[in-house]
Amino acid sequence: MANTKYKFNQESLSFDKIRLGFRAVLLRFLAYFIGSLILAVIYGFIFAIFIDSPKEKALKREVAQLSLQYNLIHKEMENLEKVIDHLQETDDNLYRTIFEAEPVPTTLRQSGTGGVNRYKELEGFDNSSIVIGTVKKLDKIRKQVYVQSKSFDDLITLANEKEEMLRCIPAIMPISNKDLKRTASGFGLRIHPIYKIIKFHAGMDFTAPSGTDVYATGNGVINAVLSSRRGLGNHIILDHGFGYSSVYAHLDGFNVRKGQKVQRGDVIGFVGNTGMSVAPHLHYEIKLNGENVDPINYYFNDLTAEEYERMIEIASKTGQSFD
Amino acid sequence: MRDRKYFFDLNDLQFKQIYLTWKQKALRLLLWFAASLAVAFLYITVFKNIFGSPKEKMMEQEIEKIKLQYSLLGRQLDNSIEVLGELKLSDDSRYRPILDMDSIPESIRNPGFGGVDRYRDLYGYVNSDLMILFRSRIDEIRNRTSVQTESFKSIEDKKGEWKREMEYLPYISPVNPIYRLGDGLKFREVHPVLGTSQWHHGQDFNTPYGTEVFATGAGKVIKAGWNSGGFGNYVVIDHGYGFQTTYGHLSSIKVSKGMNVIRGDMIGLSGSSGTSSGPHLHYQIDLYGQHKNPLYYFNNDLTEEEYFKMIQTLSSKLKFR
């Protein structure tokens, strides 16, 4: 063996072969291992400081871009929110000046109804899940009660054999008004837009562009189709029987003739600005035995309990009418 | 010294100390270094595979944190979009119909920015979709906001115009509504004084001497005095928008030419001056020189009490101007 190594033994003055015992070999191996580990850590650090792994590079880029975009969007959002707040104020001011009434807070600005999370206000407290559960249950019960009472109502009317009456008396809104935003002015004392005095407003006003469809609110017979340039302007009187009749005023045009039988939901005319009216709108009246009654109580096919409350809130604000 | 190593040279049969040349030493060092690198690489790879690099972990955490912030921001965006939706509804369903303005088409409110790829700089990231989503939403919000701002501005302008028009147009009865209406706008076979047949261009009110006559809308007095054409003492108010109103046969005039009046201002007292067979007020509305039926411009829906309350309310507004 050419590679056999020798050590000079000073005591015996001879060359001894270098032989490593098992322990020495193990020790050496351990030393190498530890040394290599330490080296690996050192290399790793140096490597990490100066060079990123491709994955790290990608992550770094990702983080940088994500936070850059976040900051941009966040900043812009804050600016836009200010603008939007201002828009909301403008909206309220427009409402105030056009309708001469205090605006009803929208579903968004008030908590509780309609929003995404009705139970938000209850979150974040201890036992909030129990509270939310209870409130949800209560809501459910309330709904059931409402449904139940409706079905009782139905039963009673059925018992009284009044289906026919149910079909005839006004029960929907005269124009499509899903979001209730078209509710302009309610029944009762209102500021007259020209006279500036408080006058009795015998019907309800709905804002809608000229030409919007006007629906018959219950089955009945067209009692009169009147063209006029005064007062109610072009208007339709619909006789529902059972003492009920309804009036649709300031129409732009008609879709029915006198004596025609109509069903609830039929298009009978189109919104306009005829007669004494300061803006395109529909003026809607319901008469019971010749007396004007508040139409708000005759939308029960259209409105949920909640919407009904909201409708009352909008309509009851003393604002101005449009005729 | 102590560790001097020797080897047995088989050529000359003696022990020789092992010397390493400089080159050999360098080579050996290099070999060691390479080996250590290789081993280190092995260790690091194994370590990373088992535990992941701490740096990566940190960054991944950071990304999670940012994503959380994004989702919070997302709520803000949602809220803004909902508010803008509400505003749009107000705009479309309330103000524009009332002011007789067409609503803004959805294509202008939110033009989908097709064609040019606006978000190219966001491609190639793990979270590209997230960033593109947020960018497009903020773009939508920005756009909707500016459209809404513009829209409200034009509504504001139109509203001012509408309110002004309501103040200026001749929309009330010029006298207490208890007075019966006389002849209206029609062809009269026999003129009560002249006896000839001719058009009657206005509306008569059977008012006794000295009845207060009020301006039916705001405007400027363009004539106040004697009319030799038959109106006698008369007042003409120019309301703008092409409207002029004429009040004839007055016994007394309370305004003078050039004066600005508002609705409800008393402009004179009725009488029977000019070509008149008895005390009455002649009230005439002209739109761009064409005679209009005054009955189309006011409702007979006020009681005497309400009428004077209105006059009081309208003229008290003057004091606050």
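Each reported figure results from applying straightforward, stated rules to the coordinates on display, with no laboratory input. Quick caveat, the model's predicted, so the values are computed rather than measured. All Cβ positions, even for glycine, are placed from backbone atoms using ideal geometry, and neighbour counts span all protein chains on display.
Structure values in brief
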read-out: Summed residue charge, Cβ within 14 Å of B:F243's Cβ, Lys/Arg positive, Asp/Glu negative; value: 0
read-out: GNM top mover of B:I267, B:I253, B:I63 - chain B, alpha-carbon springs below 10 Å; value: B:I63
read-out: Positive-end residue of B:G258, B:P192, A:F270, charge dipole of the protein assembly as shown with Cβ unit charges; value: A:F270
read-out: Dipole magnitude of region B:23-130, debye to nearest 20 (Cβ charges: Lys/Arg +1, Asp/Glu -1, about Cα centre); value: 1340
read-out: Placed amide H near B:D183: partners under 5 Å, 5+ positions off or other chain; value: B:D204
read-out: Dipole magnitude of the protein assembly as shown about its Cα centre (Cβ charges: Lys, Arg +1; Asp, Glu -1), debye to nearest 20; value: 3540
read-out: Unit charges at the beta carbon, dipole of chain B: most positive-side option, B:P54, B:S93, B:I285; value: B:P54
read-out: Pairs from B:K5/B:K25; B:K88/B:K292; B:K163/B:K220; A:K7/B:K25; A:K199/A:K258 whose Cα-Cα separation, in the structure shown, is over 27 Å; value: B:K88/B:K292; A:K199/A:K258
read-out: Virtual spin-label span in nm between A:D239 and B:S146, 7 Å along Cα→Cβ; value: 6.0
read-out: Under 12 Å, Cβ to Cβ, from B:N233 - net charge with Lys/Arg +1 and Asp/Glu -1; value: +2
read-out: Förster radius 30 Å - calculated FRET efficiency between B:S103 and B:L287, Cβ distance, rounded to 0.05; value: 0.55
read-out: Restricting region A:219-323 to trypsin sites (Lys or Arg not before Pro) in coil, as DSSP defines it, with at most 12 other Cβ within 10 Å; value: A:R257
read-out: Test item: B:127-139 mean partner chain Cβ contacts at 10 Å; value: 3
read-out: 10 Å Cβ shell holding at most 11 others, DSSP loop, chymotrypsin sites (Phe, Trp or Tyr not before Pro): longest site-free stretch of chain B; value: B:124-287
read-out: Cα-based Kirkwood hydrodynamic radius, the protein assembly as shown, one decimal, Å; value: 33.1
read-out: Inter-chain shielding of B:68-75 (mean C-beta neighbours from other protein chains, 10 Å cut-off); value: 2
read-out: Amide H partners (placed H, <5 Å) of B:D265, local residues excluded; value: B:A215
read-out: Computed magnitude of the charge dipole of region B:67-168 (debye, nearest 20; Cβ of K, R +1, Cβ of D, E -1); value: 340
read-out: Cα centroid separation, region B:156-219 to region B:243-321 (Å); value: 7
read-out: Pairwise label distance in nanometres, B:A26 with B:R164, each label 7 Å out on the Cα-Cβ vector; value: 9.5
read-out: Loop sites in region A:279-311: chymotrypsin sites (Phe, Trp or Tyr not before Pro), DSSP, at most 16 other Cβ within 10 Å; value: A:F300
read-out: Relative contact order (%) - chain B, alpha-carbon pairs under 8 angstrom, separation at least six; value: 13
read-out: Residue order, fewest to most surrounding Cβ atoms within 10 angstrom, among A:H192, A:H250, B:H201; value: B:H201, A:H192, A:H250
